[in-house]
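Working notes for the structure below.
The values are calculated or read from the model by the stated rules, or taken from the named source; none is laboratory data. For clarity, every value in this text was computed on a predicted model and none was experimentally measured. Glycine also receives a Cβ, built like all others from the backbone with ideal geometry; neighbour counts cover every protein chain displayed.
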Amino acid sequence: MTVERIVFARTLRQKSGLVEQRVWALLRGGRIDNHKFRRQHPIGRYVTDFACDRLRLVIEIDGGVHDRDEVVTSDHLRQTDLEALGWTVLRFTNAQALGQPEAIAAAIRAHACLNTL
């Protein structure tokens with residue numbers, strides 16, 4: 001991992017918005033079944049919103065810009081690359097993250113159950 005990527009991730013953590021702060025409050029410190037997440041976590045050539053190493057799970061929170069065609073294509077390529085590295089990517093919109101945080105917790109638990117079988 002390059003120093004530039006680490007600095008970039010640190011900068012993203014310091015400039016997180018309301019939605020990211022709310023999701024981090026839900027995930028931090030193993031609050032969901034003791035699964036430890038990191039925020040703005042570098043994986044390969046990407047920096048993910050949230051990642052749990054033990055579950056090999058990435059949580060991405062997508063704002064309105066992710067509806068644009070070029071961003072949809074970029075997100076698809078990014079997700080394919082992360083999956084090729086052995087990670088599962090779960091995506092939620094800002095509205096879902098703010099209005100239905102329990103859906104994020106339920107998706108994490110469902111993924112954890114599938115990976116412990």
If you check residue 105 against the conditions, is it surrounded by 11 or more Cβ atoms within 10 Å (Cβ to Cβ), closer than 26 Å to residue 18 by Cβ, more than 12 Å from the chain's Cα centre (by Cα) and modelled with pLDDT of 95 or more? yes
Quick count over segment 55-66, residues being at pLDDT 95 or above and over 13 Å from residue 19 (Cα atoms), is 4
Within segment 55-64, is there a residue that is out of contact with any strand residue (DSSP E or B) (no Cβ under 8 Å at 6 or more places or on another chain), surrounded by fewer than 17 Cβ atoms within 10 Å (Cβ to Cβ) and assigned to a helix (DSSP H, G or I)? yes
Find the residue count for segment 82-95, including only residues that are part of a helix (DSSP H, G or I) and modelled with pLDDT of 95 or more. 3
Are there any pairs, at least 6 apart or on different chains, whose C-beta atoms fall under 9 Å, with the first in segment 17-42 and closer than 26 Å to residue 2 by Cβ and without any contact (Cβ under 8 Å) to a residue 60 or more places away in the chain and the second hydroxyl-bearing (Ser, Thr, Tyr) and surrounded by fewer than 18 Cβ atoms within 10 Å (Cβ to Cβ), and if so, which? 24/16; 39/16; 40/11; 40/16; 42/2
At pLDDT below 95 and surrounded by fewer than 13 Cβ atoms within 10 Å (Cβ to Cβ), is that true of residue 41? no
I'd like to check something: does segment 12-20 contain any residue that is modelled with pLDDT of 65 or more, part of a loop (DSSP other than H, G, I, E, B) and surrounded by 11 or more Cβ atoms within 10 Å (Cβ to Cβ)? no
